[in-house]
Amino acid sequence: MGEAVAFYVAAALILGFAVLVITARSTVHSVMFLVLNFLSVAGLYVLLSAQFLAVIQVLVYAGGIVVLYLFVVMLVNLKHTAEAHSDPRRLGRLGVVLSLAVLAELVAIAAYGWSKPETTGSLQANNVEQLGWALYTDYLIPFEVASMLLLVAMIGAIVLAKREVR
């Protein structure tokens, strides 16, 4: 009975914070409600006896990604109007070439992942060591692709912020 009540309280918190993320007037408040939402989801994982997922939820989402969101929100001034002129120093063709190169790399990674033979190793329940081995051997390419996407997002935030500093 107590577990059911805790589940419904956690579910209500998750839904409430999700509504507050959408309806908050300030973007910073919206991101803070998102942090509380992620922490509530981590609490739900603890209720489900998935402590490793709860820790990963807090470290990756509430820690890393939300901090990235906050940097983007604070660095990009949303109250400015769009620029009326184009920057003559902008290298549009180079951007297209680099974008096509990244797209070709992602296609090559996906083709390699699909052509690679399946491994027969199975993960035992609640064994973090085997999960780590699987993550850094069998699933290394998707892990690196995710890290590349986060790096591109950070570089984009820096470029947008640098434009404001000038």
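Remarks
- FRET efficiency for the Arg90 to Ala110 pair, using the beta carbon distance and R₀ = 30 Å, is estimated at 0.50.
- Difference of contour (0.36 nm per residue) and Cα-Cα distance, Ile22 to Leu140: 39.0 nm
- Length gained on full extension, Leu59 to Lys162, computed as 0.36 nm times the residue gap minus the Cα-Cα distance: 34.3 nm.
Rule-based calculations on the coordinates, nothing more; no lab input. The structure presented is a predicted model; accordingly, all values stated were derived computationally and were not measured. In this analysis, Cβ positions are derived from the backbone assuming ideal geometry, glycine residues included, and neighbour counts consider all displayed protein chains.
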